[in-house]
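Chemist: One structure is given below, represented as structure tokens, and several questions about it will come after.
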Amino acid sequence: MTKLVNKLKQVLCIIIFCNSIFAVAQSAQKEQDILFMTNGEKKEGKILSIRGNTVKFIYTGETLEYNYEKADINKIIFASGRTEIINYFGNSEPAARPSLPSERKGKIAVLPFEFISNDPSLDVNLLGEQLQADSYLSIKKYTMGLELQDPITTNNLLAKNRLLYSNLKVISPKEMAELLGVEMVVYGAANIRNTGNSTQQNGFASDNVTATSKKDGKKENANLYATEYSSNTVTTTTNYDTKISLSIFNDTGANVYAVSRNSFGSDLDAYVGTINYLVKRCPFGSKAKR
């Protein structure tokens, strides 16, 4: 009986010890400070100090100290649960005031498109902005009741806030709308796949041409072209398979429109017709179901 009691005591001690370790681990996890960087990274650990333009930080389980510039930090969530905005969307200057809903009403902005392709000869940044411009023109032509923000203004605001082509999704659609000062934000993606080249041979020829005339009452044939000739040219065309996706979010973060469609045709600019088709059928488009 004594042995059994001792055994139970040992098991109970082990359970208590394990629970203590678990509680300590949980407590340590809850006590972490989290840095959200402007490039989208998240760093977990403990903030030792915030002085001037520098935040001194150590990672969880480490002792090495790091100094991070405030200009590179978006916000901090402290272990207490408090959130502090260091830079509004990465701006190196003091946080800008978010636009008010009344100021954003009826306004829409188009972001540079996410561009995906297996063709290394295509400039993803350049074409991403080209699709942005084409979508802007399509919305301008095929929608009603919206005030469009010029792509130059949109891209200028993005650049000032260090939101580049590669990291547009580090902030939420709601935050993006507030940053741009619009009610609606259009996100687009183009997947343009090079499917290979095709060749076409073109040729033309001229046959001997004869004319008939009379001389001394006799019919005579005269050659107007004495020789035959031909010329062949070969045209090489690169074919593309294109898919366009559009998503529209409002300034509350709600997704009000999301659709994708494959383009007809194999030309690189086949996406233009697809964008027009999708824009016409968006909630405020000329062919929207009402």
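The values are calculated or read from the model by the stated rules, or taken from the named source; none is laboratory data. Fair warning: this is a prediction, and the values are worked out from it, not measured in the lab. Backbone-built Cβ (ideal geometry, glycine too); neighbour counts: all protein chains shown. Areas reflect the complete protein model, heavy atoms only, side chains present, ligands, DNA and RNA absent. Shrake-Rupley method; radii C 1.70, N 1.55, O 1.52, S 1.80 Å.
Chemist: If the requirement is being over 26 Å from Val256 (Cα atoms) and at pLDDT below 90, which of these qualifies: Ser166, Ser117, Ser206?
Modeler: On the way: Ser166 fails: over 26 Å from Val256 (Cα atoms); Ser117 fails: at pLDDT below 90.
Checking each option against the conditions leaves just Ser206.
Chemist: Could you tell me which residue of the stretch 33-61 is nearest to the chain's Cα centre (by Cα), considering only residues that are farther than 15 Å from Asn87 by Cβ and open to solvent by 90 Å² or more (accessible area, probe 1.4 Å)?
Modeler: Only one residue tops the list, namely Lys42.
Chemist: For the stretch 139-156, which positions are open to solvent by 50 Å² or more (accessible area, probe 1.4 Å) and under 21 Å from Asn87 (Cα atoms)?
Modeler: Within the stretch 139-156, Thr153, Asn156 meet the criteria.
Chemist: Any idea which residue in the stretch 233-267 is nearest to the chain's Cα centre (by Cα), counting only those that are buried (at least 17 other Cβ atoms within 10 Å of the Cβ) and among the hydrophobic types (A, V, I, L, M, F, W, C)?
Modeler: Among residues in the stretch 233-267 that are buried (at least 17 other Cβ atoms within 10 Å of the Cβ) and among the hydrophobic types (A, V, I, L, M, F, W, C), the one nearest to the chain's Cα centre (by Cα) is Leu246.
Chemist: Just the residues that are over 15 Å from the mean Cα position of the chain (by Cα), over 17 Å from Ser247 (Cα atoms) and in a loop (DSSP other than H, G, I, E, B), please, taken from the stretch 123-148.
Modeler: Met144, Gly145
Chemist: Moving on to the next point. Test of understanding: among Glu41, Glu62, which residue is modelled with pLDDT of 85 or more and either at negative phi or out of contact with any Asp or Glu (no Cβ under 9 Å at 6 or more places or on another chain) (or both)?
Modeler: Details: Glu41 fails: modelled with pLDDT of 85 or more.
Criteria check complete, one pass: Glu62.
Chemist: A further question on this structure: Which residue is surrounded by the fewest Cβ atoms within 10 Å (Cβ to Cβ), if the candidates are limited to the stretch 71-100 and must be at pLDDT below 70 and hydroxyl-bearing (Ser, Thr, Tyr)?
Modeler: Restricting to residues being at pLDDT below 70 and hydroxyl-bearing (Ser, Thr, Tyr), the top hit is Ser92.
Chemist: Among the residues of the stretch 248-290, what is the count of those that are under 18 Å from Leu148 (Cα atoms) and in a loop (DSSP other than H, G, I, E, B)? Explain how you work it out, then say what you get.
Modeler: Applying the first criterion (under 18 Å from Leu148 (Cα atoms)) to the stretch 248-290 yields 248-251, 256-257, 275-276, 278-286.
Next, only the ones that are in a loop (DSSP other than H, G, I, E, B) stay: 251, 281-284, 286.
Of the residues in the stretch 248-290, 6 are under 18 Å from Leu148 (Cα atoms) and in a loop (DSSP other than H, G, I, E, B).
Chemist: Checking Asn194 against (1) closer than 19 Å to Ala270 by Cα; (2) touching a Lys or Arg at 6+ places or on another chain (Cβ under 6 Å), which test does it fail?
Modeler: It is condition (2) that Asn194 fails.
Chemist: Still on this structure, please answer the following. Out of all the residues in the stretch 160-182, which are in a loop (DSSP other than H, G, I, E, B), in contact with a helix residue (DSSP H, G or I) (Cβ under 8 Å, 6 or more places away or on another chain) and more than 12 Å from Ile108 (Cα to Cα)? Walk me through how you get there before you give the answer.
Modeler: Quick first cut of the stretch 160-182, residues in a loop (DSSP other than H, G, I, E, B) only: 161-164, 171-172, 181-182.
Those still in the list that are in contact with a helix residue (DSSP H, G or I) (Cβ under 8 Å, 6 or more places away or on another chain) too: 161-164, 171, 181-182.
Residues satisfying the conditions are Asn161, Arg162, Leu163, Leu164, Ile171.
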